[in-house]
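A.B. asks: One structure, pasted below without further comment.
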Amino acid sequence: MTGSSAPALLKRDLFGTVRRLPADADSPDCVERDTTGAARGAGWLARRLAAREARALDALVHVAQVPRLVGWDGRRLRRTWLPGVPLHRAAGVDRAYFRAALRLLRRLHAAGIVHNDLAKEPNWLVSADGWPALVDFQLAIRPRRRGRLFRMLAYDDLRHLLKHKRTYCPAGLTARERAILARRSPLAGLWARTGKPAYRFVTRRLLRWADREGAGDRGGR
């Protein structure tokens with residue numbers, strides 16, 4: 001996707017608007033998440049999610065293949081645009097892509113960040129040269145300690161990556177990876193029984209998103 005001379009609307013929802021902003025003398029080609037247009041009653045959550053993304057990107061400043069934080073003023077977040085296409089729209093990915101994706105995920109975890117939203121294919125990008133990149137860190141967290149909670153969340157990040165590998169490159173799965181796929185973390189089991197039904201109701205009924213939708217600010221950036 002090439003640059004443009006004017007902002008391009010990528011998404012509008014309860015949490016505000018997301019636009020792609022062309023590069024200028026003060027900032028690079030970037031994506032702006034503007035919470036000022038959030039629906040009544042949703043502004044506090046929109047700001048909280050944007051703040052969470054800002055903290056995660058700030059912690060990942062030395063990790064390649066994730067956006068760079070350009071600015072966050074409490075209402076508008078700007079992050080660099082990443083070229084690429086969402087995983088589910090890519091022409092094809094191979095074992096090399098998933099090996100690189102695993103290395104990228106390890107770098108996130110080494111920086112103390114768990115993504116928490118890797119089940120969504122639009123959050124995984126495929127660059128023009130076939131390498132992975134990650135976007136949308138609104139649900140990312142950085143636990144104070146790398147204790148049991150961190151390990152469970154990191155394990156679930158890994159399982160979500162391996163689920164995509166099972167879909168797009170099943171022959172590349174190792175015996176250990178198949179064993180990981182067969183075993184949920186206790187947290188994931190609890191989420192499946194309790195939080196997931198509520199999440200699906202909100203996203204699919206209220207926001208009318210599917211797992212591959214609501215991705216205007218994800219794919220190709």
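A.B. asks: Of all residues being without any contact (Cβ under 8 Å) to a residue 40 or more places away in the chain and closer than 24 Å to Leu77 by Cβ in the range 142-155, which is surrounded by the most Cβ atoms within 10 Å (Cβ to Cβ)? Just the residue, please.
C.D. replies: Checked the range 142-155; the qualifying residue surrounded by the most Cβ atoms within 10 Å (Cβ to Cβ) is Leu153.
A.B. asks: Still on this structure: I'm trying to understand the selection: among the residues of the range 20-52, which are in contact with an Asp or Glu (Cβ under 9 Å, 6 or more places away or on another chain), over 14 Å from Gly71 (Cβ atoms) and either in the same structural domain as Val135 (by TED's automatic domain parsing) or in contact (Cβ under 8 Å) with a residue 60 or more places away in the chain (or both)?
C.D. replies: The one that is in contact with an Asp or Glu (Cβ under 9 Å, 6 or more places away or on another chain), over 14 Å from Gly71 (Cβ atoms) and either in the same structural domain as Val135 (by TED's automatic domain parsing) or in contact (Cβ under 8 Å) with a residue 60 or more places away in the chain (or both): Arg20.
A.B. asks: Quick one: count up the residues across the range 131-168 that are more than 14 Å from Ile180 (Cβ to Cβ) and within 18 Å of the chain's Cα centre (by Cα).
C.D. replies: Step one: of the range 131-168, the residues more than 14 Å from Ile180 (Cβ to Cβ) are 131-150, 153, 167-168.
From what's left, within 18 Å of the chain's Cα centre (by Cα): 131-143, 150, 153.
The qualifying residues number 15.
A.B. asks: Filter the range 50-74 down to residues that are aliphatic (A, V, I, L, M), crowded, with 19+ Cβ neighbours inside 10 Å and closer than 11 Å to Gln138 by Cβ, then give me how many there are.
C.D. replies: The qualifying residues number 4.
A.B. asks: Across the range 117-129, what is the number of residues that are at pLDDT below 95 and among the polar types (S, T, N, Q)?
C.D. replies: Residues flagged as at pLDDT below 95 and among the polar types (S, T, N, Q) within the range 117-129 amount to 1.
A.B. asks: Where residues in the range 118-129 are in a loop (DSSP other than H, G, I, E, B) and touching a helix residue (DSSP H, G or I) at 6+ places or on another chain (Cβ under 6 Å), which of them is surrounded by the most Cβ atoms within 10 Å (Cβ to Cβ)?
C.D. replies: Filtering the range 118-129 down to residues in a loop (DSSP other than H, G, I, E, B) leaves 118-120, 127-129.
This time we only want the ones that are touching a helix residue (DSSP H, G or I) at 6+ places or on another chain (Cβ under 6 Å), so: 118-119.
Working: Leu118: 23, Ala119: 15.
It comes out as Leu118.
A.B. asks: Out of all the residues in the range 46-83, which are charged (D, E, K, R), more than 16 Å from the chain's Cα centre (by Cα) and closer than 17 Å to Ser27 by Cβ?
C.D. replies: Those that are charged (D, E, K, R), more than 16 Å from the chain's Cα centre (by Cα) and closer than 17 Å to Ser27 by Cβ: Asp73, Arg75, Arg76.
A.B. asks: In the range 83-117, what residues are of a type in the set (A, V, I, L, M) and assigned to a helix (DSSP H, G or I)? Full working, then the answer.
C.D. replies: Step one: filter the range 83-117 for residues of a type in the set (A, V, I, L, M), giving 85, 87, 90-91, 93, 96, 100-102, 104-105, 108, 110-111, 113-114.
Within the range 83-117, Leu87, Ala96, Ala100, Ala101, Leu102, Leu104, Leu105, Leu108, Ala110 meet the criteria.
A.B. asks: Same structure, new question: Is there any pair linking a residue in the range 118-141 that is polar (S, T, N, Q) to one that is buried (at least 22 other Cβ atoms within 10 Å of the Cβ) and assigned to a strand (DSSP E or B), with Cβ under 9 Å and at least six apart or on different chains, and which?
C.D. replies: Short answer, once both residue conditions are applied: Asn123/Leu134; Gln138/Arg33.
The values are calculated or read from the model by the stated rules, or taken from the named source; none is laboratory data. In this text the structure is predicted, and so the values were computed from the model without any measurement. Cβ coordinates were reconstructed from backbone atoms using ideal geometry, including for glycine residues, and neighbour counts include every protein chain displayed.
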